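Undergrad: Starting off with a structure, shown below.
What follows draws every value from the coordinates through simple rules; no lab data is involved. It should be emphasised that the depicted structure is a prediction, and the values quoted were computed from it without experimental measurement. All Cβ positions, even for glycine, are placed from backbone atoms using ideal geometry, and neighbour counts span all protein chains on display.
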Amino acid sequence: MSKLLPNLASAVELHDMPIDQLEQLAGEIREVLCNLVATRTAHFASNLGVVELCIALHSVFDFRNDRLIWDTGHQVYPHKLVTGRYKDFGTIRTKGGLMGYPNPNESEYDLFMTGHASCSVSTAMGLRSGDQLLGNDAHSVAVIGDGAFPSGIVFEAMNNVVRFKKKTLVILNDNKMSICPRVGGMANYLDRLRTNTYYTGLKTEVVKALNKVPVFGDPVERFLAQLKESVKAGLHGGMLFEDLGFRYIGPIDGHNITILRKYLAMVKEMPDPVLLHVVTEKGHGFRPAEEDPVFFHTPPAFVEENGKAVPKKSSGSPAYTNVVRDAIQQQMEADSRVTVMTAAMCQGNKLEPIRDKFPEQFFDVGICESHAVAFAAGQAKAGLRPIVNIYSTFLQRSYDQIFQEVCLQDLPVVFTMDRAGLTGPDGPTHHGVFDIGYMRIFPNMVCMAPGDAHDLPQMLDLALKLEHPSSIRYPKTNAVTVAGDRSPVELGKGELLKWSHDGMIICCGTQLDDCLKAADRLAKEGINVGVINARFIKPLDEELLLRALNESSYVVTVEEGSLAGGFGSALLELACQHGVNTSHIRRLGIPDQFVEHGERAELLADLGIDSDGIVRTCRQLSTQLQT
């Protein structure tokens, strides 16, 4: 049997394919996905789960004109494969290759870079509104998972659907998972819809009836109306969505292409906005991923052992994520007031041991970051010591709550911001490069950036003793501990590791090891450069930093964050406040641009904030002073 996928130039070709070819195509897509994770880490289980849904959507709609938004777009790999990107698919998540999320620069089929969850319903409705006003008769479709569905912005959007008549379709992809098992009342509600005894008995009869119904035409609409009323009468489910203005249809089998196509053709012609409830299985078609979808969400690359494919074991030191997790656990063991919460990232933040050991002090709130922060504020007001453990880029979703509920009230909430800095293959939606700028501007906030693994536990200990809000940022990489005699972490105090009147490197964050390596390399060239571990972004160690500014010939700041509003900006503000000349300051960090995906080391090198880049900058400044 000849392969279909390599010759598929456009998703439009799916319209004319018979069912047997569409099912063959599904098998070929799964084969490509399995081959991919044999070479590199990639989102896996979620993509296996939407293969048939993707094929059915593209075989019924024409998304060159119709609109399709994939919520939390890490499950977009099948979509990329059927929209003309098969030949480049091997480059996905590599520097200069395809992005692991939708990317409008790659294809007309991608409308938004959707790396954050829950915005699809709003943007799909916005597209529909724009098309209506501009006279474009296009359908608008949002595919959103049950893990993202409980987020507040989804219900803000659904509350406004009453203005929209047909051609708006929300597909609820229900696989009983976020990255970890989903949580909360909405999860229970969806479970009741899926397992209702009436629906279970009705399902077989519905499938038999659908097999006798044509895909297009009036008989479909009449049948659907009858089916809808019978299901509603028996289930009394879906009424929440009905009351919000949606026609609720489902649940239906998300791995049956025939059934999916017929339902999609039906709802396409309905006169009202529709919520189509589709039940899928995360990891479908690959048994290990079906059995452990949490591990196989983004598994490491596979290697062959005894004739079997097994995940490649990681090497090297523990990640900073693990260092923080262990420090949190030690604090919880010592103080029962300490709590920790995360937003559907228990697995990403490696918090499973804490969840299991301290179930009463651990809170997974789902993809609801604003709630997490306001909830933590309530706990702090009651006398607890909450730790909000969320990725830097996702914490942005709770910006107003950080201001209003935490900082304005001056409450001792600790923010441990994982993935601060460049997150490598996940790309611009996940790079945590803005947190310095958005945290340090708030009154009462203490902002910390550990230079290495030595600093982290001490910073957490300090944060939990403060009577003010605080934040600690750390990157997605293996932890390093700088050798030598180290000073303890004290509030607002930097660490002087080496002094030089010729030049000083001031490091904000875990580039400290690179800064020290750069200083050693420069010393071999006869260029004497000192190093300061800043540790604190707010409050700054004014005495130490002003000494460097006043007594050293040049100062280079290094930060794995945005230069706009970052640590270097804070140093310039300090200099301005004290009337210090700033012409001898050079700032290294993330420029005013979105950084594409690639390995973290590649991106650091491109931006000149690895050891080579630091050496290059210091060498240039030293040369300028000599001329």
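Undergrad: With the crude spin-label approximation of a point 7 Å out along Cα→Cβ, what separation in nm comes out for LEU496 versus ARG64?
TA: For LEU496 paired with ARG64, the spin-label model returns 6.8 nm.
Undergrad: Report the charge-dipole magnitude of the chain in Debye, nearest 20, computed about the Cα centre from +1 at each Lys and Arg Cβ and -1 at each Asp and Glu Cβ.
TA: The dipole magnitude comes to about 700 debye.
Undergrad: Can you give the convex hull volume per residue for the Cα atoms of region 495-626, as a whole number of Å³?
TA: 102 Å³
Undergrad: Per the Debye formula with a single identical scatterer at each Cα and no solvent contribution, what log10 I(q)/I(0) holds for region 320-473 at q = 0.11, 0.14 Å⁻¹?
TA: Treating every Cα as an identical point scatterer, log10 I(q)/I(0) equals -0.35, -0.59.
Undergrad: Return the percentage of antiparallel bridges among DSSP beta bridges fully within the chain, rounded to the nearest 5 %.
TA: DSSP beta bridges in the chain are roughly 20 percent antiparallel.
Undergrad: Kindly state, to the nearest 0.05, the FRET efficiency for THR481 paired with ALA38, given R0 = 35 Å and r defined as their beta-carbon distance.
TA: Computed FRET efficiency for THR481 and ALA38: 0.55.
Undergrad: For the pair GLU290/ASP606, report the inter-label distance in nm, with labels modelled 7 Å from Cα in the Cβ direction.
TA: Those two pseudo-labels are separated by 3.9 nm.
Undergrad: Still on this model: Taking the DSSP beta bridges in region 320-473 as the whole, what percent of them are antiparallel, to the nearest 5?
TA: 5 percent
Undergrad: Also: Go ahead and collect, in residue order, the members of region 358-388 whose backbone nitrogen is under 20 Å from a label point 7 Å along the Cα-Cβ direction of LEU466.
TA: Counting backbone N atoms under 20 Å from the label point, the list is 372-388.
Undergrad: Picking from LEU516, VAL279, THR423, whose Cα lies most toward the positive end of the charge dipole for the chain (charges on Cβ: Lys, Arg +1; Asp, Glu -1)?
TA: VAL279
Undergrad: Quick one: which residues, 5+ away or cross-chain, put their amide H under 5 Å from the amide H of ILE505? H built at 1.01 Å from N.
TA: Result for ILE505 returns GLY530, VAL531, ILE532, VAL556.
Undergrad: Roughly how many whole Å is it from the C-alpha centroid of region 446-502 to that of region 58-118?
TA: Region 446-502 and region 58-118 have Cα centres spaced 40 Å from each other.
Undergrad: Another question, if that's okay. Going down the list LYS517/LYS538; LYS87/LYS262; LYS87/LYS282; LYS350/LYS476, which pairs span over 23 Å between their C-alpha atoms?
TA: Cα-Cα > 23 Å for LYS517/LYS538; LYS87/LYS262; LYS87/LYS282; rest within.
Undergrad: If I model a spin label at LYS524 and LEU240 as a point 7 Å from the Cα along the Cα→Cβ vector, what separation in nanometres do I get?
TA: 6.2 nm
Undergrad: Please name which of ALA376, LEU546, LEU4 has its Cα lying farthest along the dipole of the chain towards the positive end, using unit charges on Cβ (Lys, Arg +1; Asp, Glu -1) and the Cα centre as origin.
TA: LEU4
Undergrad: Quick check for you: which residues of region 23-62 have the amide N under 14 Å from the point 7 Å beyond the Cα of ALA301 toward its beta carbon?
TA: Inside the label zone: 35-42.
Undergrad: Could I ask something else about it? To make sure I understand, if each residue's beta carbon is the centre and we count other beta carbons within 10 Å, what order do THR510, THR481 fall in, fewest to most?
TA: Listing THR510, THR481 from fewest to most nearby Cβ atoms yields THR481, THR510.
Undergrad: Say R0 is 45 Å: what FRET efficiency, to the nearest 0.05, do VAL12 and LEU572 get from their beta-carbon distance? Could the numbers behind the result be given before it?
TA: Numbers: r = 54 Å, r/R0 = 1.20.
So the FRET efficiency works out to roughly 0.25.
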